[in-house]
Every structure is written in structure tokens, then in C-alpha cells.
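Inspection log for the structure reproduced underneath, given as C-alpha cells.
Just so it is clear, none of the values below were taken in a lab; they were calculated from the coordinates. On a predicted model such as this, the values are computed, not experimentally measured, just so you know. So basically every Cβ, Gly included, is an ideal-geometry build from the backbone, and we count neighbours across all protein chains shown.
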Amino acid sequence: MTGHHSRNTAPMINSPRCGAKTRKGTPCQAPAVAGKLRCRMHGGAAGSGAPKGNSNALKHGLYTADAKEMRRFVRELSQKTKEIIDDI
Ligand SMILES: [Zn+2]
């Protein structure tokens, strides 16, 4: 046993931390909600955020999952084409 803690606090110390910017400009560092990147005060709370596929705030669709997937596909395709051309 290391330190003066009588309890096992290693999982708490090693858990992912919230990276939200505080008013001081430093990261929040509170423990992040399981499966999320933010703590419960910074948008990680259960039921927070829009459900998948909801289009209530859709303006142009440039950042929808579909559009991102399409751009990823085009990027990979042009990368592979470049590799093939380089091989020739
Ligand atoms: Zn936070």
C-alpha cells in the first residue's frame, strides 16, 4: 500500500478527466461521465445533447454523420489512388 490512503483510490485517480475550459482558462479536470469526454457539469449529464439522427438544428448538413462519412470515403479513395499512381 502506497501513500496514506486507507482506501483504494487508484481507479478514481486514473479515470478520464473533463477537458472543458474553465473561467480561469484551465481544464476542468473533474471526473468525466462514463463513456463521455465531459463531466456532469459540462454537458456530460444523462439526457444531455440531441439524440442521434435528430435534425432540429440542421442548417446545411455539412457536419452530419452522413456528410462526414462521405468525406472520409472520398479522402481514403483519393489517398489510395495517389498510392497506386506513385507505384506506377
Ligand atoms: Zn467539467
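Brief remarks on what is shown
Residue-wise test of (1) within 16 Å of the ligand (Cβ to nearest atom); (2) surrounded by 11 or more Cβ atoms within 10 Å (Cβ to Cβ); (3) assigned to a loop (DSSP other than H, G, I, E, B).
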position	(1), (2), (3)
M12	yes, no, no
K24	yes, no, yes
R38	yes, yes, yes
H42	yes, yes, yes
P51	no, no, yes
K80	no, no, no
E83	no, no, no
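- In the set (1) basic (K, R); (2) surrounded by 10 or more Cβ atoms within 10 Å (Cβ to Cβ); (3) within 16 Å of the ligand (Cβ to nearest atom), the condition left unmet by R72 is number (3).
- Remark: pairs (first residue in segment 50-70, small (G, A, S); second residue surrounded by 10 or more Cβ atoms within 10 Å (Cβ to Cβ) and outside any loop (DSSP other than H, G, I, E, B); Cβ separation under 8 Å; 6+ apart in sequence or on different chains) = G61/A67.
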